[in-house]
Each structure stands twice: as structure tokens, then as C-alpha cells.
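Chemist: Before I ask anything, here is the structure I am working with.
FYI, it's all coordinate maths here, none of it is from the lab. Fair warning: this is a prediction, and the values are worked out from it, not measured in the lab. Cβ placement follows ideal geometry from the backbone for every residue including glycine, while neighbour counts extend to all protein chains displayed.
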Amino acid sequence: MEWPFDHTQFRIFMNGDRIALFLPLQGATRSRVMTTDPAARDGTAPAGPLTLPELQAALREAMRVPVTLSEPVWTTRYKAHLRQVERYRVGRAFLVGDAAHIHSPAGGQGMNTGLQDAANLAWKLAAVLRTGADDALLDTYHDERHPVGEQLLRFTDRLYKVAADLHGWRASLRDAVGPFLLGRMSAMPAPHRKAFRRLSQIGLAYKPGAFTVNERLYSLKGPHAGHRAPDARIGTGRQMFDLLQGYQLHVVAISRRHLDDGEIAELTAQLHSIEAFGGRIATHLVGRVAGRRDERVEHVDSVDVFERYGLPHEDSQALFVVRPDGYVAWRMDDIDFDACRRFLAGLHGGLAAACEARRRAPALTP
Ligand SMILES: Cc1cc2nc3c(=O)[nH]c(=O)nc-3n(C[C@H](O)[C@H](O)[C@H](O)COP(=O)(O)OP(=O)(O)OC[C@H]3O[C@@H](n4cnc5c(N)ncnc54)[C@H](O)[C@@H]3O)c2cc1C
């Protein structure tokens, strides 16, 4: 596309009935452009394939600058739908992605939502089929993801209506104040942060239930069961996300209280017994050590991980089960491996393996 602007920045143009987007693609030699078609509203839009002269004229009208298009890779007419299925699961059939929810592309949410649907469902299928978890775990896919889809349809519809579905004096008002307001808001940290959390979808949380449990909560801070496990600094060059790698369950014991050698040995043995549960479970011990460095412990050198994970006092300890999709499945503001094993037996199945692990686990200190 030849035009008076650069090819590196995302730009939005508003001119009455016409909205246009310019999206630079990597390398900046090609770009993606889109525009709304007001004729589609009253059904007078041409039906055939979209031609380059037609698109060029529409972009010139929306952008009010000379635009020349050439060598198209792909051109298409696109109609925004707004639909969602009632059930994401019926028996052995599951729907994810656009098959389950379809909406306007405003906000760029569709692909990310579909990927999160899949990440939410896949480990549950594996837990039921491979390690014998209860079939009811599969119902939580609908329970967790359907409300997200519903909210998404409302959000993208509102965004689309404000951005692209105004006409007459409302469109003129939007054209006059929209760019100013958007510019001001995106420069303010609070709205910027809020918009980022919304659009990146990292602020989503699921409700507690049979497979999402807060067992013993002393602190309201940090991620509760159903919240996304956040990143946090553990030590120099070591982050929580370095531990929560791979699409698998993680059990994380965190101790703000300094651990002595005996406690480290016992906690490590308990964590190993959980690894023997069957299926892939990674375990981690994160904390402070009373004596010299110990390779069995992820050494903490700042309070960041304690603050982000809700360990407010110098003697706080906590145990977390983090799901493969990055959400906290279980939290206890204490370290009780028996309770953790009981929870895992329901979430992950592997009951036989659990019994075996329990038999082999060292005796717990009271
Ligand atoms: C213009 C536009 C811009 C967008 N921008 C963004 C964005 O910036 N960010 C974002 O997150 N999302 C965006 N989206 C949404 C995103 O593209 C979709 O949400 C995503 O591609 C959906 O993926 P999916 O795998 O669920 O479905 P699809 O990508 O539709 O894949 C379904 C596949 O199944 C195939 N298929 C259908 N029927 C059959 C059959 N009977 N047998 C075999 N195969 C079949 C289809 O051919 C297709 O390949 C945008 C969408 C549009 C239209």
C-alpha cells in the first residue's frame, strides 16, 4: 500500500459511516487493511468478490488521504456474526473456538479465546482418559468457558457498535472527540493497565467449585483458586514462570519462614511422593533457607513472590496446585500434603497411584 504515512504503526481512521484499520505486518513490506461497508447495513452492498479498485476507493473515503493498493495476497468481504452455542459439551462432543462463539473482530479477541478454550479442555480430557479423573471434571469446561464467551460477545458487540456502527451526528461526534479521548486514555496508566488486562485476557478468573478449591485461606491477597497464577521474581534471573513451564500440573510449596535442613528433607520427600501420583506432575519448593544454599530449594531473595502469592507474614507458608492452563486449582495457606493428595485424587484421578504414594510417603510430623 502506498500512502503518506509509515508502515510500522497500527492506525484507525474514522470518517462518518466509514471506519478503516491499517495493520502493519512483520517486515513492513506488506500490510493488512480493513474497512466497514455502510452499504451492507441496508443490504445494497455488491455480492461478488471484492475488487481492488472498490477497496481502494473505500479506504480513500475513510482515510481521507491518497491510497494506492497493489498486488493483493487476499481480499474478501466479511460479515460480523454474533452467536454462541448454548452448551459447550453434549456427552462426548465438545465445541471450542469459533465453533462455540463467534463475534465481531473488534478488540482482536477471537483466536486468543479459542486457544484458551482448548487449553482449558485438553488437560481435563487427558485426566479423565489417562489417569481416571471423574467425568464431572469435563463439565467444568462448559461451566468455566461459557460465561467467558458470553462476556466476550457482549464486550466485542459494544466495542463494535461504538467504533463502527454509528452514523449521522453520533458518528460526527465520535470522529471529533474519539481520537482525542483515546489518545488521552492510552497515555494514562490506570485505564491503560485496565485495557491491557481486558484485551490480553489475563484478568479472567473462574468460580470455585468441586475441582477449584480454596482449602484454608488466611490471606485475601495472591491468586485464589480459579485465578491465574501470576509471574513473580524468586531470585536473580529466576521467575515463577520459569517453574510453571510446560502443559502439566504443578504443585508449588512456598515458605516465607526460613527452612532448616530437616524441614527441607521432609518437604522434598513429600513433594517426591506427589510426583509418584501417575501422570505428569511437576513439584517445586520455593523459600528461604536457614543455613547455606540448598539445591533442593528455589532460593528467594526478595519479597516479590511472597507478596504476589499472598504470604504476608515472616512465618507464612502456602501450598498451590497450578493447572496446565496456568490457573490455580487449589490453594492452602499452610502446608498439608495429605489435604493436597486428597484434592489431587479428585482432580487428577490416579487413585491407585495415590494410595501407593501415600503408603510410601514418610510419616508426617503432626
Ligand atoms: C477479520 C478478522 C480479524 C481477526 N483478528 C483477530 C485478532 O487480531 N486476534 C484474535 O485473537 N482473533 C482475531 N480474529 C478471530 C480469529 O481469526 C478466530 O477466532 C480464529 O481463527 C478461530 O479459530 P478456530 O480454529 O476456532 O476456527 P477457524 O479458524 O474457523 O478454523 C476452523 C477450520 O475448520 C475447517 N472446517 C470447517 N468445516 C469443516 C469440516 N466439515 N471438515 C473439516 N474441516 C472443516 C475450516 O476450513 C477451518 O480451517 C479475527 C477474525 C477476523 C474474521
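Chemist: Near the amide H of Val213, under 5 Å away, which other amide H atoms are found, from residues 5 or more places off or on another chain, if H is placed in the peptide plane?
Modeler: Counting only residues 5 or more places away or on other chains, the set is Trp330, Arg331.
Chemist: Also, quick follow-up: Can you tally the net charge around Gln248? Count Lys and Arg as +1, Asp and Glu as -1, for every other residue whose Cβ sits under 10 Å from the Cβ of Gln248.
Modeler: On the way: positive: Arg280, Arg323; negative: none.
Local net charge: +2.
Chemist: Could you tell me how many degrees, from 0 to 90 and to the nearest 10, lie between the Cα long axis of helix 169-187 and the main elongation axis, the longest principal axis, of the Cα atoms of the chain?
Modeler: Compared with the principal axis, the helix lies near 40 degrees.
Chemist: In terms of the Cα gyration tensor, with a ≥ b ≥ c the square roots of its eigenvalues, is the chain rounded because a/c is under 1.5, prolate because a/b exceeds b/c, or oblate?
Modeler: Since a/c reaches 1.5 and a/b is larger than b/c, the shape of the chain is classed as prolate.
Chemist: Of all the stretches in the chain, which is the longest one without any exposed loop site, taking trypsin sites (Lys or Arg not before Pro) in a DSSP loop (any state but H, G, I, E, B) with at most 16 other Cβ atoms within 10 Å? Mind showing how you got there, number by number?
Modeler: Numbers: sites that count: Arg30, Arg41, Arg64, Arg77, Lys79, Arg87, Arg92, Lys221, Arg292, Arg293, Arg296.
Free of exposed loop sites, the longest segment is 93-220.
Chemist: Oh, and also: Per 0.36 nm of contour for each residue apart, how much would the distance between Ala119 and Ser70 grow if the chain were fully extended, relative to their Cα-Cα spacing? List each step's numbers first, then the result.
Modeler: Numbers: separation 49, 0.36 × 49 = 17.64 nm, distance 3.93 nm.
Gain on stretching Ala119 to Ser70: 13.7 nm.
Chemist: Please return the longest range in the chain lying between exposed loop sites, taking chymotrypsin sites (Phe, Trp or Tyr not before Pro), DSSP loop only, at most 12 other beta-carbon atoms within 10 Å, and leaving the sites out.
Modeler: Values: sites that count: Phe5, Phe10, Trp74, Tyr78.
Answer from the scan: 79-366.
Chemist: Taking the beta-carbon count within 10 Å as an exposure proxy, list Ser219, Ser316, Ser200 from fewest neighbours to most. Display every interim value, and only then the final one.
Modeler: Details: Ser219 15, Ser316 18, Ser200 11.
The fewest-first ordering by Cβ neighbours comes to Ser200, Ser219, Ser316.
Chemist: Give me the angle, in degrees from 0 to 90, between the Cα long axis of helix 110-130 and the longest principal axis of the Cα atoms of the chain, rounded to the nearest 10.
Modeler: For helix 110-130, the angle is close to 30 degrees.
Chemist: For the chain, what is the charge dipole size about the Cα centre, in debye to the nearest 20, if Lys and Arg each add +1 at the Cβ and Asp and Glu each add -1 at the Cβ? Don't skip to the answer; put the middle values down first.
Modeler: On the way: 47 positive and 42 negative charges, 161 e Å.
Here the size comes out at about 780 debye.
Chemist: Please order Glu215, Glu86 by the number of other Cβ within 10 Å, starting at the fewest.
Modeler: Values: Glu215 17, Glu86 7.
Taking fewest neighbouring Cβ atoms as first place, the list is Glu86, Glu215.
Chemist: If we count every other residue with Cβ under 9 angstrom of Leu21's Cβ, Lys/Arg +1 and Asp/Glu -1, where does the sum land?
Modeler: Numbers: positive: Arg11, Arg32; negative: none.
Within the 9 Å Cβ shell, the charges total +2.
Chemist: Turning to a different aspect of this structure: For the range 77-142 and the range 193-264, compute the distance between their C-alpha centroids and round to whole Å.
Modeler: Using only Cα atoms to place each centre, the spacing works out to 24 Å.
Chemist: Under the rule of -39500 (n - 2.57) per DSSP H run of 4 or more residues, summed and divided by the residues of the chain, what mean residue ellipticity at 222 nm is obtained, to the nearest 500 deg cm²/dmol? Could the numbers behind the result be given before it?
Modeler: Working: 10 runs with 139 residues, N = 366.
Calculated from helices alone, the mean residue ellipticity at 222 nm is -12000 deg cm²/dmol.
Chemist: OK, next. As a test, work out the antiparallel percent of DSSP beta bridges whose residues both lie in the range 213-360, rounded to the nearest 5.
Modeler: Of those bridges, close to 50 percent are antiparallel.
Chemist: If you restrict to DSSP beta bridges whose two residues both lie in the chain, what percentage is antiparallel, to the nearest 5?
Modeler: Working: 29 of 42 bridges.
Antiparallel bridges: around 70 percent, rounded to the nearest 5.
Chemist: What does the charge count near Val322 come to, summing +1 for each Lys or Arg and -1 for each Asp or Glu among other residues with Cβ under 10 Å from its Cβ?
Modeler: Details: positive: Arg228, Arg323, Arg331; negative: Asp325.
Residues near Val322 contribute +2 overall.
Chemist: Expressed as an acute angle from 0 to 90° and rounded to the nearest 10, what is the orientation of the C-alpha long axis of helix 52-63 relative to the principal long axis of the chain?
Modeler: The answer is roughly 80 degrees.
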